[in-house]
Structure formats: structure tokens, C-alpha cells
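Novice: Quick one: the structure is below, questions incoming.
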Amino acid sequence: MRRVGEELEAGTMSLYYYVKTKSDLIGAMDDLLMRKVLLPAVPKDWKRAITKIATRTHAMLLRHPWALLSMQATSPGVNAMRHMEQCLQALEGTSMTLQQKLTLLALVDDFVFGHALREGDTVQVVDMDFLEAQMATGNFPLLTEAFKNGKMKLEKDRFQDGLRLLLAEYGPQRPRALNR
């Protein structure tokens, strides 16, 4: 709270008038971020709508990687509820049941959060001496090939490609896939 007070050029004790605990502060910050991912209008096409929502959420999480963990430790605010309402609104015209819609949205969130977590991980602890020694044994020919240029090369558009595949597989045209 002291650091936040310094950033805002306000006294620490003054902040406690507005925010009682660190958890309340994080909740307010999360709610502000969720407001930024809300769409001004939800597209009629459900795939386009979910793609826009997921892409905005992903971009926000890449800009604010701390939110990935903090969102799990705080209650959802009104903007998180609006976000969920928009997600359900996007699926409103489909033939999916409520359970199928919620499952699909959880799968999309799993994908968005997982991808953002991986992309935002700028500090990768890799013991290169160990890695090179192990690959030199010949026991890991596939990993050796994958790392032949010193780093794995991944497709640049894999977020959009993955999201497109997920929505193609788990859409209303295949609702049984959500009931296994």
C-alpha cells in the first residue's frame, strides 16, 4: 500500500479510506482490467464474438501478466460479471445447452490463460550446459532437432490458429463433444 501511495502521490493511510486490504486493491485493479476487455457491442456471429473477446482478454493478460494469478485470488467484480455476460450473450443464439456453453467458455479461458502464461514467461530458467550435455548423449534426437538453432521455432499465429481450432471442434454443430 505504501508503494501504491507513492505512485499515486497519496498517503498510505489515505488509501485505506478507499481500499481496506491488499486483496481489495487487487480486486479493484482486476475489475479495471476486465472493463478494458469488454466489447462495445457483441457481434452476432458467435465465433467472431468469442474470438474478439478471447483476443482482447489475451492481449490484456500479455500487457498485465500479474493479473493471471491475481484473478484467481480475488472475487470477480462487476466488470468480470459483465465480461461473462458478454460471453454468454455471444452464445445465446446457438443450440448449445447452458452446460455446454459454460464448458466451452471454460475451455476458451483455459486456452487464453494458458497461452498468455506461456507467452508472458520471459524468465525461463534453462541450464544450457545441462541441456546440451543431455542432447549430446544421443538419447534425445527429437529434442536435439527441435533445438538445433538454439531455440524452438513456433508458429507466430498459434494463438489465433489454436482458438479457431478450439471453436471449430466445440461448437454447436458438435454439442456431443461437450457432453463426454
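Novice: Keeping to segment 28-46, report how many residues are among the acidic types (Asp, Glu) and either exposed (fewer than 13 other Cβ atoms within 10 Å of the Cβ) or assigned to a loop (DSSP other than H, G, I, E, B) (or both).
Specialist: Of the residues in segment 28-46, 1 are among the acidic types (Asp, Glu) and either exposed (fewer than 13 other Cβ atoms within 10 Å of the Cβ) or assigned to a loop (DSSP other than H, G, I, E, B) (or both).
For (1) in a helix (DSSP H, G or I); (2) β-branched (Val, Ile, Thr); (3) in contact (Cβ under 8 Å) with a residue 12 or more places away in the chain, each residue gets a yes or a no:
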| site | (1), (2), (3) |
| --- | --- |
| THR55 | yes, yes, yes |
| SER75 | no, no, yes |
| LEU105 | yes, no, yes |
| ALA116 | yes, no, yes |
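Novice: Of everything in segment 83-101, what is part of a helix (DSSP H, G or I) and touching a residue at least 12 places away in the same chain (Cβ under 8 Å)? Give them in sequence order.
Specialist: Correct list: HIS83, MET84, GLN86, CYS87, LEU88, GLN89, ALA90, GLN99, GLN100, LYS101.
Novice: Counting just the residues of segment 146-180 that are aliphatic (A, V, I, L, M) and at pLDDT below 85, which one comes out surrounded by the most Cβ atoms within 10 Å (Cβ to Cβ)? Step through it out loud before you land on a result.
Specialist: Here is the first cut: in segment 146-180, the ones aliphatic (A, V, I, L, M) are 146, 152, 154, 163, 165-168, 177-178.
After this cut, where a residue has to be at pLDDT below 85 as well, the list is 146, 152, 154, 177-178.
On the way: ALA146: 13, MET152: 9, LEU154: 9, ALA177: 13, LEU178: 19.
For segment 146-180, the residue satisfying everything is LEU178.
Novice: Tell me, yes or no, whether segment 59-67 has at least one residue that is under 13 Å from the mean Cα position of the chain (by Cα), outside any helix (DSSP H, G or I) and of a type outside the set (Val, Ile, Thr).
Specialist: Checked segment 59-67: at least one residue is under 13 Å from the mean Cα position of the chain (by Cα), outside any helix (DSSP H, G or I) and of a type outside the set (Val, Ile, Thr).
Novice: I would also like to ask the following. Give the residues of segment 113-145 that are within 30 Å of THR57 (Cα to Cα), modelled with pLDDT under 85 and loosely packed, with under 14 Cβ neighbours inside 10 Å, sorted by residue number.
Specialist: ARG118, ASP121, THR122, VAL123, GLN124, VAL125, VAL126
Novice: Hey, another quick one. Quick one: LEU25 ticks every box in (1) buried (at least 19 other Cβ atoms within 10 Å of the Cβ); (2) assigned to a helix (DSSP H, G or I) except a single one, so which number is it?
Specialist: Among (1) buried (at least 19 other Cβ atoms within 10 Å of the Cβ); (2) assigned to a helix (DSSP H, G or I), the lone unmet condition for LEU25 is (1).
Novice: Follow-up question, since we're still on this one. Does ALA80 satisfy being surrounded by 12 or more Cβ atoms within 10 Å (Cβ to Cβ), in a helix (DSSP H, G or I), within 14 Å of the chain's Cα centre (by Cα) and at pLDDT 80 or above?
Specialist: So ALA80 fits the description; yes.
The values are calculated or read from the model by the stated rules, or taken from the named source; none is laboratory data. The shown structure was predicted, so the numbers you read here are calculated from the model rather than taken from an experiment. Every residue, glycine among them, receives a Cβ derived from its backbone with ideal geometry; neighbour counts consider all protein chains shown.
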